[in-house]
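Only one structure is covered here, and it is reproduced in the block below.
Derivation of every value follows stated rules applied to the coordinates shown; laboratory data play no part. Small disclaimer: the values here were computed from a predicted structure and weren't measured.
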Amino acid sequence: MGIASMCIAVDVKDSRNKDKEQLRLALLRCAERINDRHQDAVIVPFDVRNGDELLGVIESFRTGFQVSQWVEETLSKEGIDLYIGIGLGVLDTKESTVHTMNGSAVLNALDARDRYLKDKHHETKPWVMETKSSTVFFYTKRFPYQALNALNYAISEKKMGRSEKQKEVIALLESHPDATYEQVGHMLGYKSAKSTVSYLLSRAQYHTVIEMENSLMALLGDLQDRIKSEER
């Protein structure tokens, strides 16, 4: 009986034209941060493989989605673009490493990354944005996986359309969760602090995106429960 889990398989785009040691260290920093932050959820510790791949398995689908977003955002700041395959399914055994792990979650993640994204499968075309450097694809043979890709695409599209001022307000608001709009506005030096922050968040569709992300995580949670029940 397998363990319902999410595998994340990351490969760096155009890695041949990047400094190999700097790339390996950047991926290792990500792996260490994930393993440290999510000790309770990680069941195959994240690690670097072949110098330009980052892989690992997480038991919680919801947490896995958040981790995939964090990896993409973190490495994009270092100018590293990615193929991110997200596989839903089962892990055969917890006593695994990225070199020995097996199960449908692992195979689906590698398929999502290599067969769908890297080989430019026709099913990925609707979800690859021209302005988006990193690409993400969910895959499972158990459920209609394109619903996940459609919702993730809609979330990414709204985020990509944000201005620098909108991103600045959101970053400050999220780093100071107890602050009011007025306090955030004053931190940024706005004269009409509350109304300016409110306007920027509205234009960024901030609360809409949060609800969309919550919906995607709720769907992932439901899919995980179904896989668990099938494995009993």
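General remarks:
- A cut-off of 5 Å between modelled amide H atoms, ignoring neighbours fewer than 5 places along the same chain, links residue 43 with 57, 58, 59.
- When shorter helices are ignored and each DSSP H run of at least 4 residues is given -39500 (n - 2.57), the per-residue value for the chain at 222 nm works out to -15500 deg cm²/dmol.
- Antiparallel content of DSSP bridges confined to segment 3-143, in %, to 5: 80 percent
- Mean Cα-pair separation over length for the chain, i.e. relative contact order, pairs under 8 Å, 6 or more apart, %: 21 percent
- Shape category assigned to segment 164-203 from the gyration tensor of Cα positions, a/c cut at 1.5: rounded
- Entry note, segment 107-232: relative contact order of 20 percent, from Cα contacts under 8 Å with a spacing of 6+ residues.
- Cross-link pairs exceeding 19 Å in C-alpha to C-alpha distance, out of 165/194; 158/191; 158/194; 94/228, comprise 158/191; 158/194.
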